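Structure first, commentary second.
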Amino acid sequence: MTIKAVTVLGATGSIGASTLDVIARHPDRYRVFALTANTSIDKLAELARKFQPRYAVVKDEQHAELLQQRLRQSADTEILCGDEGLCYVAAHGDAAIVVAAIVGAAGLASTLAAVQSGKQVLLVNKEALVMAGRLFMSAVAEAGATLLPVDSEHNAIFQCMPGNYLCGPDSLRSLARMGVRKILLTGSGGPFRHTPLSDLVRVTPAQAVAHPNWSMGPKISVDSATMMNKGLELIEACWLFDARPEQVQIVVHPQSVIHSMVEYIDGSVLAQLGNPDMRTPIAHALAWPERIESGVATLDLIAHARLDFQAPDYQRFPCLRLATEAMHAGGTAPALLNAANEAAVAAFLAKKIPFTAIPTIIEHVLREIPTVEPHALADVQNADRDARKLAAAIIAETGDQL
Ligand code: NAD
Ligand code: MG
């Protein structure tokens, strides 16, 4: 068996840790080619010592210097920095697989570079696809990249598709030709599913990141609490599976045992089940179309005993409505939505705004900034910049009122 070289973008995060855990279980199949981080130098140094990558990438020269000091003995790892370094390792011809696990818009350029180099790309950075959906999927088709969804819901949907299915804007694999009637996108509803609406204004970052089922990075944990995560995932599903928003039904499923479902025109509904552990979708996408062990415990259905399903509450979770509207509006609207959300979530985590201001800020940005059809990445980046600028101004005002 040839050993595949893997690049992990965002290696020091929650997904990075799960990915490296799976990789370490299969030294006969995978070796690490490059690892990247932003500013977590100690963590990256530890990972670099363990996995001996050819490249390590960090935020800037200053952090590169710090990493160099920590890695004195392991002179074999070359240290690069910035977006240039990220894109270089993402596109490098010696790596067969890229795991795109940087959080947020910061991962867009490198995720796109990986796709454009025609590799096997494991997509975890959903924000990249939300921001630049059409450009992103066109790049997948043009470069012939193999795009494998790792977001647990999208990986579940992918697993429920016919065996020859591949993500891409390919009419031969349209949902209609596959006999698919709709996609059922499940979500737990997060930690505030039952919190009285009047209490939401007072919830703290610590309460918001305490997800009932999944252990994740801070940004996606807040997104789960506002259910913006499900909104972003609706947009993600539309691009990955070439679906219209009406073909994706959001179903609240508090136990997170079913990770999503696909309904066929004959009435069959296929579901993928498993423990809420990201090593399952990561292992599936790494080895696809084969199967490998992931280290995830066996699912104890008897212990779970019951699975519940509910309709989403659009009043409690306005972010769901905003994301659906942005997908319908098209063009740069999802990029504006994403940027405003990233800015608002960061401000909430920094205790500058209340939890309930997150949707208010996003709605304001979507209302004020006109949407255009992006023809190039620069158009998406301009929308991202404009949305952050406006969001920052609103956050400053909101902060003054507190
Ligand atoms: P995290 O915060 O734990 O890790 C983020 C990683 O990105 C870190 O390695 C960090 O160094 C890097 N990073 C952050 N800002 C950066 C920047 N400006 N430039 C370069 N690198 C930067 O996040 P996570 O929970 O691992 O999530 C990563 C991505 O995966 C997100 O897009 C998230 O939506 C998606 N995702 C995560 C989970 C999960 O269970 N954690 C599940 C599904 C999807
Ligand atoms: Mg998900």
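Any residue in the stretch 161-169 that is within 16 Å of ligand 2 (Cβ to nearest atom) and either at positive phi or among the acidic types (D, E) (or both)? No: the stretch 161-169 contains no residue that is within 16 Å of ligand 2 (Cβ to nearest atom) and either at positive phi or among the acidic types (D, E) (or both). For beta carbons closer than 7 Å, sequence separation of 6+ or different chains, a first residue in the stretch 326-343 that is among the charged types (D, E, K, R) and a second that is part of a helix (DSSP H, G or I), the qualifying pairs are E342/A105.
For V150, the requirement of being at pLDDT 95 or above, on the phi < 0 side of the Ramachandran plot, more than 16 Å from ligand 1 (Cβ to nearest atom) and in contact with a strand residue (DSSP E or B) (Cβ under 7 Å, 6 or more places away or on another chain) is not met. Only one of the numbered conditions (1) within 22 Å of the chain's Cα centre (by Cα); (2) surrounded by fewer than 21 Cβ atoms within 10 Å (Cβ to Cβ); (3) away from ligand 1 (no atom under 12 Å from the Cβ); (4) within 25 Å of K4 (Cβ to Cβ) is not met by A109, and that is (3). For S268, the test of being closer than 15 Å to D151 by Cα, modelled with pLDDT of 95 or more and among the hydroxyl-bearing types (S, T, Y) is failed. Just the residues that are within 9 Å of ligand 2 (Cβ to nearest atom) and either without any contact (Cβ under 8 Å) to a residue 40 or more places away in the chain or surrounded by fewer than 24 Cβ atoms within 10 Å (Cβ to Cβ) (or both), please, taken from the stretch 217-237. Of everything in the stretch 217-237, just one residue is within 9 Å of ligand 2 (Cβ to nearest atom) and either without any contact (Cβ under 8 Å) to a residue 40 or more places away in the chain or surrounded by fewer than 24 Cβ atoms within 10 Å (Cβ to Cβ) (or both), namely S224. The residue that is surrounded by the most Cβ atoms within 10 Å (Cβ to Cβ), counting only those in the stretch 364-398 that are acidic (D, E), under 15 Å from G330 (Cα atoms) and out of contact with any Lys or Arg (no Cβ under 9 Å at 6 or more places or on another chain), is D384. One residue stands out among those in the stretch 182-216 that are aliphatic (A, V, I, L, M) and farther than 25 Å from V296 by Cα: the one that is farthest from ligand 2 (Cβ to nearest atom), which is V201.
Scanning the stretch 131-150 turns up one or more residues that are within 23 Å of S268 (Cβ to Cβ) and buried (at least 20 other Cβ atoms within 10 Å of the Cβ).
Any residue that is surrounded by fewer than 19 Cβ atoms within 10 Å (Cβ to Cβ) and of a type in the set (G, A, S) - is there at least one of those in the stretch 249-262? Checked the stretch 249-262: no residue is surrounded by fewer than 19 Cβ atoms within 10 Å (Cβ to Cβ) and of a type in the set (G, A, S). Close Cβ contacts (under 7 Å, 6 or more residues apart or on different chains) running from residues in the stretch 142-170 that are assigned to a helix (DSSP H, G or I) to residues that are within 14 Å of ligand 2 (Cβ to nearest atom) and modelled with pLDDT under 95 are absent. Take the residues in the stretch 8-40 that are within 13 Å of ligand 1 (Cβ to nearest atom), β-branched (V, I, T) and touching a strand residue (DSSP E or B) at 6+ places or on another chain (Cβ under 7 Å); name whichever of them is farthest from L108 (Cα to Cα). So the residue we want is T19. Taken over the stretch 183-215, the residue count meeting the criterion of being within 15 Å of ligand 1 (Cβ to nearest atom) and crowded, with 20+ Cβ neighbours inside 10 Å is 6.
Cβ separations smaller than 9 Å between residues 6+ apart or across chains give the following pairs from the stretch 45-66 residues that are on the phi > 0 side of the Ramachandran plot to residues that are at pLDDT 95 or above and not basic (K, R): Q52/V32; Q52/T77.
Those helices (runs of 4 or more DSSP H) of the stretch 290-381 in which at least 2 residues are among the β-branched types (V, I, T), considering only elements entirely within it, cover 357-368.
No other residue among T280, T360, T298, T356 is surrounded by fewer than 18 Cβ atoms within 10 Å (Cβ to Cβ) and closer than 30 Å to R31 by Cβ apart from T298.
Residues in the stretch 171-181 that are modelled with pLDDT under 95 and not in a helix (DSSP H, G or I) were compared, and the one that is nearest to ligand 2 (Cβ to nearest atom) is L175. Note on the stretch 232-264: residues that are over 20 Å from the mean Cα position of the chain (by Cα) and either within 16 Å of ligand 1 (Cβ to nearest atom) or in a helix (DSSP H, G or I) (or both) total 2. The set of residues in the stretch 214-231 that are outside any helix (DSSP H, G or I) and under 17 Å from A340 (Cβ atoms) contains only M227.
The values are calculated or read from the model by the stated rules, or taken from the named source; none is laboratory data. On a predicted model such as this, the values are computed, not experimentally measured, just so you know. Quick reminder, even Gly has a Cβ in these numbers, built from the backbone with ideal geometry, and neighbours come from all protein chains shown.
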